[in-house]
Amino acid sequence: MNPYQILGISPSASDDEVKKAYRTLSKKYHPDANLDNKEEAEKKFKEVNEAYETLSDPQKRKMYDQFGP
């Protein structure tokens, strides 16, 4: 899946926007904050972490932007 869509940002987003989106979504989907639906939250939390891992590293982001997933 597209890391930009997962974080809800545009491909032209700055590093600060990426970090802000990650922090917001990681708090929202953290399994400890979603005890009523822990499995779904855990799945979304992992997706958010993977997207942030790709977009927070300049080299990985450049590779993704050039070649896709």
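The values are calculated or read from the model by the stated rules, or taken from the named source; none is laboratory data. All values reported here derive from a predicted model rather than from experimental measurement. Cβ atoms come from the backbone with ideal geometry, glycine included; neighbour counts cover every protein chain shown. In case anyone asks, the SASA skips ligands and DNA or RNA and just uses the protein heavy atoms, side chains included. Shrake-Rupley method; radii C 1.70, N 1.55, O 1.52, S 1.80 Å.
Considering the stretch 14-69 alone, what residues qualify as being over 13 Å from residue 4 (Cβ atoms) and of a type in the set (A, V, I, L, M, F, W, C)?
33, 35, 41, 45, 63, 67
Going by what's in this entry, would residue 32 be described as at pLDDT below 95 and exposed (fewer than 11 other Cβ atoms within 10 Å of the Cβ)?
Here the answer is yes, as residue 32 does meet what is asked.
Filter the stretch 26-69 for residues that are of a type in the set (A, V, I, L, M, F, W, C) and in contact (Cβ under 8 Å) with a residue 40 or more places away in the chain; which is nearest to residue 10 (Cα to Cα)?
Looking at residues that are of a type in the set (A, V, I, L, M, F, W, C) and in contact (Cβ under 8 Å) with a residue 40 or more places away in the chain, I get 55.
In this structure, does residue 3 turn out to be over 12 Å from the mean Cα position of the chain (by Cα) and not hydroxyl-bearing (Ser, Thr, Tyr)?
So residue 3 does not fit the description; no.
Among the numbered conditions (1) touching an Asp or Glu at 6+ places or on another chain (Cβ under 8 Å); (2) modelled with pLDDT of 95 or more; (3) open to solvent by 50 Å² or more (accessible area, probe 1.4 Å), tell me where residue 17 comes up short.
(1)
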